[in-house]
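J.: My structure is below; once you've seen it, I'll send some questions.
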Amino acid sequence: MQFRARFLANVIQFAAQQGASPKQLLALTGKNRAQLNDELLYFEADIYNKVVEEALRQTTDPFLGLHLGQYMSLSAAGLIVQIVQSSNTIAEGLEHIIAFANLGCQALPFTLKKGKEEWILEMTPNALWCKQSEQVVRHTIDGTVIFTIREIQSLSHQKYYPLRVHFGYEKPQKFLAYEEAFRCPVSFGGESTPIVLNAKHVQEAVITSDYKLLKVLVKFAEAKLESLQKQKGFGQTVKNTIINLIQPQFPSIKQVALNLNMSVRSL
């Protein structure tokens, strides 16, 4: 499980604005601020978890993830958001989010379910990561959901909100903050976090679409994804995923593919 350094840089910057010590948070990464801007730099889950846990401790913000997702610039998603903003429709943009999610947070794979009236963008956190730090998983999901909604809204310049959102963790005491943030019914409990979208909204055109640029960006993203898989040793990654998913039976190929954010055919 790896996490993009530039995302962690945004966590540190936002936490610092809330009163946390950027020096202490940076020390946990072993890198300086400039190094965190390296597009090719990723951190393992243990370092990511330590930084977020310390940020939570120092800021004492029970909604740090939500607030981070509202604050963070869309450009923080880098190549992925550039691809989405160059897509022809919101629907096409969502499909690209699925295809290249591993360029961002590899521990939080996405799937997309298409229906006549609803499209469901679903996140299922890595099982091993959930065991390591439930609070870090929760805040990361919170931030990712609200950031994704903002990203979708930017594509058409319409303030479209989900039909409903279900969070895959226990209901917090102050849950009304979620309904205020998402402006839709919110529920809790389970293992995954589906964002239910209006099928009509996702068919709308992207106002910044650029087909020629999209082809270039997608080709670059595919090469980058392939490079990351080679660096990690893809065979070992698959083995580790299977081991992590044994509960106690061996997982199906569909479960492994979902956790790796790949199609069964590609796996």
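J.: What does the highest-first list of 48-56, 245-253 look like by mean Cβ count within 10 Å?
T.: Values: 48-56: 21.6, 245-253: 10.9.
So the peptides 48-56, 245-253, ranked by packing, come out 48-56, 245-253.
J.: With the other protein chains left in place, how much accessible area per residue, in square angstrom, belongs to segment 209-248 at a 1.4 angstrom probe?
T.: Values: 2840 Å² over 40 residues.
Dividing the accessible area of segment 209-248 by its residue count gives 71 Å².
J.: Given contacts defined as C-alpha pairs under 8 Å and at least six residues apart, what's the relative contact order of the chain, whole-number percent?
T.: Details: 395 pairs, mean separation 55.8, N = 267.
With pairs under 8 Å counted, the relative contact order is 21 percent.
J.: To one decimal place, what orientation-averaged projected area in nm² is obtained for the convex hull of the Cα set of segment 156-267? Don't jump to the answer; show the numbers that get you there.
T.: Values: hull surface 41.4 nm².
The Cα convex hull of segment 156-267, projected and averaged over all directions, gives 10.4 nm².
J.: Per the 1.4 Å probe, what fraction of the accessible area of the chain, in percent, lies on carbon and sulfur atoms? Spell out each step's value before the answer.
T.: Working: 7160 of 13550 Å².
Percent of accessible area from carbon and sulfur atoms in the chain: 53.
J.: Oh, and also: Can you give me the Cα centroid spacing of segment 1-18 and segment 34-100 in angstrom?
T.: 8 Å
J.: While we're here: Keeping all protein chains in place, calculate the accessible area per residue for segment 20-78 (probe 1.4 angstrom), answer in Å².
T.: Details: 2860 Å² over 59 residues.
Ligands and nucleic acids excluded, the result is 48 Å² per residue.
J.: Towards the positive end of the charge dipole of segment 1-128, with charges on Cβ (+1 Lys, Arg; -1 Asp, Glu), say which of Ala5, Ala91, Leu74 has the farthest Cα.
T.: Positive-most Cα among the choices belongs to Ala5.
J.: Which log10 I(q)/I(0) values, to two decimals, does segment 46-120 give at q = 0.16, 0.25 Å⁻¹ under the Debye formula with one point per Cα?
T.: -0.77, -1.20
J.: Can I ask one more? Taking segment 87-203, how many lysine pairs are there with alpha carbons less than 16 Å apart, if each pair must be eight or more places apart or span two chains? If you can, show how the numbers build up before the last one.
T.: Working: Lys113/Lys200; Lys114/Lys200; Lys116/Lys200; Lys159/Lys200.
Eligible lysine pairs with Cα atoms under 16 Å apart amount to 4.
J.: Ignoring ligands, DNA and RNA, what accessible area per residue does segment 98-144 give at 1.4 Å, in Å²? Could you put the intermediate results ahead of the total?
T.: Details: 1870 Å² over 47 residues.
Using a 1.4 Å probe on heavy atoms only, each residue of segment 98-144 averages 40 Å².
The values are calculated or read from the model by the stated rules, or taken from the named source; none is laboratory data. Everything numeric here is computed off the predicted structure, so don't read it as measured data. Every residue, glycine as well, gets a Cβ built from its backbone with ideal geometry; the counts of neighbours run over all protein chains shown. Heavy atoms of the whole protein, side chains included, go into the accessibility calculation; ligands, DNA and RNA do not. Shrake-Rupley method; radii C 1.70, N 1.55, O 1.52, S 1.80 Å.
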